[in-house]
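The values are calculated or read from the model by the stated rules, or taken from the named source; none is laboratory data. Keep in mind that what you see is a predicted model, and the values were worked out from it rather than measured. Ideal geometry is used to build each Cβ from the backbone, glycine not excepted, and the neighbour counts take in all protein chains shown.
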Amino acid sequence: MKRIASFEVDHIKLQRGMYISRIDGDITTYDIRTRKPNTGDVMDNAAIHTLEHLFATYVRNSRFADKIIYFGPMGCRTGFYFLVRDMSDEDAIGLTKDAFKFISSYEGDIPGATEAECGNFREHSLEGAKTEALNYLPVIENIGTADLKYTSK
């Protein structure tokens, strides 16, 4: 089988950040890398789950709602994939920063976290999601379009 593009990224050198993972026509997949891979430091499932609910709800209620395709966790628990359609990199960066700021100070019920709305409604952590967001904000605070390319730092 052909190797997929994400396996071509050197995960030994990969740092926390935001990267363009791939572009398929008018759809861009961003790698929202919250952890340095292969360090043993991975996100907690409950925090991931809540962050996913809050991020997805925030961006789908933004002025870019019609451009949002998907936001979800990586199986390795070191980040998320964020897919958008026909959206500038500048707008995707700004929206990502805004979403993480929103999550970092969110108070209230977790959207979509009832038994009728969610397939694993018991496994959520608002405090964990807020901590994840707070820890990631400094990583993307000064990120620009030139930083979206995978590098070997």
### Query
Somewhere in segment 56-78, is a residue in contact (Cβ under 8 Å) with a residue 60 or more places away in the chain, surrounded by 19 or more Cβ atoms within 10 Å (Cβ to Cβ) and within 16 Å of the chain's Cα centre (by Cα)?
no
### Query
Across segment 131-144, what is the number of residues that are assigned to a helix (DSSP H, G or I) and over 8 Å from A47 (Cα atoms)?
9
### Message
Scan segment 117-127 and tell me whether some residue there is exposed (fewer than 10 other Cβ atoms within 10 Å of the Cβ) and assigned to a loop (DSSP other than H, G, I, E, B).
### Response
yes
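Rundown of residues vs (1) free of Cβ contacts under 8 Å to residues at least 60 places away in the same chain; (2) over 21 Å from Y81 (Cβ atoms); (3) not small (G, A, S), yes/no style:
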residue: E107; (1), (2), (3): yes, yes, yes
residue: R122; (1), (2), (3): yes, yes, yes
residue: S125; (1), (2), (3): no, no, no
residue: A129; (1), (2), (3): no, no, no
residue: G144; (1), (2), (3): yes, no, no
residue: D147; (1), (2), (3): no, no, yes
residue: Y150; (1), (2), (3): no, no, yes
### Message
Going residue by residue through segment 63-84, is there one that turns out to be over 27 Å from F7 (Cα atoms), assigned to a loop (DSSP other than H, G, I, E, B) and modelled with pLDDT of 95 or more?
### Response
yes
## Note on the structure
Expected single match for of a type in the set (D, E, K, R) and free of Cβ contacts under 8 Å to residues at least 24 places away in the same chain among E90, E115 is E115
### Query
Would you call Y58 hydroxyl-bearing (S, T, Y), at pLDDT 95 or above and in a helix (DSSP H, G or I)?
yes
### Summary
How many residues of segment 135-148 are more than 16 Å from G79 (Cβ to Cβ) and of a type outside the set (S, T, N, Q)? The answer is 3
### Task
Answer yes or no as to whether M43 is in a loop (DSSP other than H, G, I, E, B), closer than 24 Å to N142 by Cα, touching a residue at least 60 places away in the same chain (Cβ under 8 Å) and more than 11 Å from the chain's Cα centre (by Cα).
yes
### Of the criteria (1) surrounded by 14 or more Cβ atoms within 10 Å (Cβ to Cβ); (2) touching a residue at least 60 places away in the same chain (Cβ under 8 Å), which one I103 fails
(2)
### Query
Across segment 101-112, which residue is nearest to L137 (Cα to Cα) among those that are within 19 Å of the chain's Cα centre (by Cα) and in a loop (DSSP other than H, G, I, E, B)?
S105
### Query
Of (1) in a helix (DSSP H, G or I); (2) loosely packed, with under 15 Cβ neighbours inside 10 Å; (3) touching a Lys or Arg at 6+ places or on another chain (Cβ under 8 Å), F7 satisfies all except one. Which?
(3)
### Query
Quick one: is D31 at pLDDT below 95, outside any helix (DSSP H, G or I) and within 21 Å of K130 (Cα to Cα)?
no
